[in-house]
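Below is one structure, written out as structure tokens; the observations come after it.
The values are calculated or read from the model by the stated rules, or taken from the named source; none is laboratory data. The structure presented is a predicted model; accordingly, all values stated were derived computationally and were not measured. Cβ coordinates were reconstructed from backbone atoms using ideal geometry, including for glycine residues, and neighbour counts include every protein chain displayed. Ligands, DNA and RNA are excluded from the accessible area calculation, which covers all protein heavy atoms including side chains. Shrake-Rupley method; radii C 1.70, N 1.55, O 1.52, S 1.80 Å.
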Amino acid sequence: MKKINRENPKVKAALARRDALSPEERVSIAKKAAAARWGEKPLMATHRGNFLDEFGIDVDCYVLNDEKKTAVISQRGMAAALGLDQSGGSRLPRFLDGEKIKPYVGHELAASLSNPLVFQGAAPGTGMLPMRVHGYDVTILIDVCNAILRARDEGRLERRQLHIARAAQVIVNASAKAGIQGLVYALAGYDATKAEVIAAFKFYVREEAREYEKEFPT
């Protein structure tokens, strides 16, 4: 990092102007600078949540301000959901780029995985400065699961990778059941609460995982 010459007259003047600002003014200037970097209409999160309390996985999730109201999960979150190392997201691309599973991923899904969504992670009204977050449309998780299951069905996975396929099967089945239930609720005019939506998905996860009770932790 280049050292700042504090004896430079221009630097002295800039530091003096900075020191004269109130904390509120500094935050305002920082926000304006961030907005300038992102553009007038940045892609940003309007809502933020976490899987920890309900599912025991410390992974953030978001809803974006685009037209689709895209639901987003991090690469690390996808890895954790599949039973891969939760310390980082690098395990997922390494796994999917493996010789045995890569043919089932396909070019379109591979392109989506190599181009994550980049957005502001601080929701409006939080008072936090915008932070850059990388994530994926959560529906990509289902595509990843289906690729894994195709590889499993054709006997391409190693024995040590079968727990990943079991997790993928649980995710796909539970998502399908919770999704069709949610669709009927919407068509029938029933407005399910947040607690009901979470409880339904947890129920279907437990139901699907019952077959693998010996392999899955409580």
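General observations
- Accessible carbon and sulfur surface of region 160-212 relative to its total accessible area, %, 1.4 Å: 62
- Gain upon complete extension [His47, Asp137; 0.36 nm per residue less C-alpha separation]: 31.0 nm
- Within region 128-162: backbone nitrogen closer than 20 Å to the Ser114 label point (7 Å, Cα to C-beta): 134-137, 140-141, 143-145, 147-148
- Compared with the direct C-alpha span, the chain from Phe203 to Ser90 gains 37.7 nm at full extension, assuming 0.36 nm per residue.
- Potential extension, Asn173-Glu196 segment - 0.36 nm per residue separation minus Cα distance: 6.5 nm
- Global geometry of region 128-218, whether rounded, prolate or oblate, following the gyration tensor of its Cα atoms and the 1.5 cut on a/c: oblate
- Here is the list for region 130-218: GluC sites (Glu not before Pro) lying in DSSP coil, each with at most 16 other C-beta atoms within 10 angstrom of its C-beta, are Glu154, Glu158, Glu213, Glu215.
- Residue-normalised accessible area of region 128-185, expressed per residue, 1.4 Å probe, Å²: 52
- Checking every one of the trypsin sites (Lys or Arg not before Pro) in region 41-87 against DSSP loop status and a limit of 13 other Cβ atoms within 10 Å picks out Lys68, Lys69.
- Nonlocal amide H pairs with Asn65, under 5 Å, H built at 1.01 Å: Met44, Thr46
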